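The values are calculated or read from the model by the stated rules, or taken from the named source; none is laboratory data. This structure is a prediction, so every number in the text was calculated from the model and none was measured. Glycine gets a Cβ as well: all are built from the backbone with ideal geometry, and neighbour counts include every protein chain shown. Quick note on the areas: whole protein, heavy atoms, side chains included, nothing else; ligands and nucleic acids left out. Shrake-Rupley method; radii C 1.70, N 1.55, O 1.52, S 1.80 Å.
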Amino acid sequence: MRRIYEFVNADFVYHHSIDDRPVPEEYPMHAHDTHELFCFISGHGSYLVEGNPYPLRPGDLMLMRAGETHKLQIQSDRPYERRALSFHNGSIGHFDPDGRLLEPFLNRQLGRQNLYTAAELHGGCVAACFEKMEALAQEGEPGLVFQCFIYPILCELRSLFAGREHIPQPPVDLTAEIVEYINQHLCDELSLDSISSRFYISKTHLNRLFKQAVGSSVWEYVRIKRLMLCRNKIAAGIPAATASLECGFHDYSAFYRSYRKLFHAAPSQDHADLVGTNFISGFIK
């Protein structure tokens, strides 16, 4: 991976990167504890978001809200170039205390309306803002530059999102129903048996269907979702042991190992960074 430009502070994680020969296995299903704007510049692939596929074309923009799982399916026959900007609620809260700019992220179903095509964005300011933002950030004071440029980007996306209110949405398929069910019962006693019985399919078919649509096994999906939820509870001041039980982890040692593997820190070590608004995930692909 070649990094054209990268910037990280307490509010934003940004990178502009190129993989000349992308390796599909290097892009696992994952989720952030931040919102993400993903600009697809070149390559050949698609995104799976909560089980919904989105073919990507140059100039397309993807929105992922915090906790929304996504997996890039990239082909290795073309260089893969993208820009990605991650931020949390507090990054824009000073100018948008009511969260109206976050409506395109929050006011929709999981995995729905994530894609804004190049045709939709044509003639708008989003692409120009990203290019100018990066150029000015390299000249100096990048934190201020990102803070200034994110508002017109989010304003345009909010306007486009509002215009979609009367556009019929595609019907929900079986995988989407399963994903919704899991998220509604995330902290309950979930099992492959209970999920397969609920949807009248075999466990083998459930795993096969889920892997194809979401990009992970059922339990990898549940594990990541529960860990993200647990991390939010820890940030709110709930002790790690209590949070883990509330999120469906009955073995603290197994929870501890999973937490360290995903977040690269023990729950107790992580807590200091999570308290307040000065934390942002550093996972960037």
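Just a few scattered comments:
- Odd one out for PHE95, checked against (1) among the hydrophobic types (A, V, I, L, M, F, W, C); (2) surrounded by fewer than 20 Cβ atoms within 10 Å (Cβ to Cβ); (3) under 14 Å from the mean Cα position of the chain (by Cα): (3)
- Search result, residues across the range 30-41 that are modelled with pLDDT under 95, of a type outside the set (A, V, I, L, M, F, W, C) and either open to solvent by 10 Å² or more (accessible area, probe 1.4 Å) or under 16 Å from LEU121 (Cα atoms) (or both): HIS30, ASP33
- The residues of the range 1-35 that are in a strand (DSSP E or B) and among the basic types (Lys, Arg), listed by number, are ARG2, ARG3.
- Only one of GLY51, GLY67, GLY45 that is crowded, with 17+ Cβ neighbours inside 10 Å and more than 24 Å from GLU120 (Cβ to Cβ): GLY67
- In the condition set (1) touching a helix residue (DSSP H, G or I) at 6+ places or on another chain (Cβ under 9 Å); (2) open to solvent by 20 Å² or more (accessible area, probe 1.4 Å), PHE87 is compliant with all but (2).
- Matching residues in the range 165-184 - criterion: being in contact with a helix residue (DSSP H, G or I) (Cβ under 9 Å, 6 or more places away or on another chain) and either modelled with pLDDT of 90 or more or within 30 Å of GLY123 (Cβ to Cβ) (or both): ILE178, VAL179, TYR181, ILE182, ASN183
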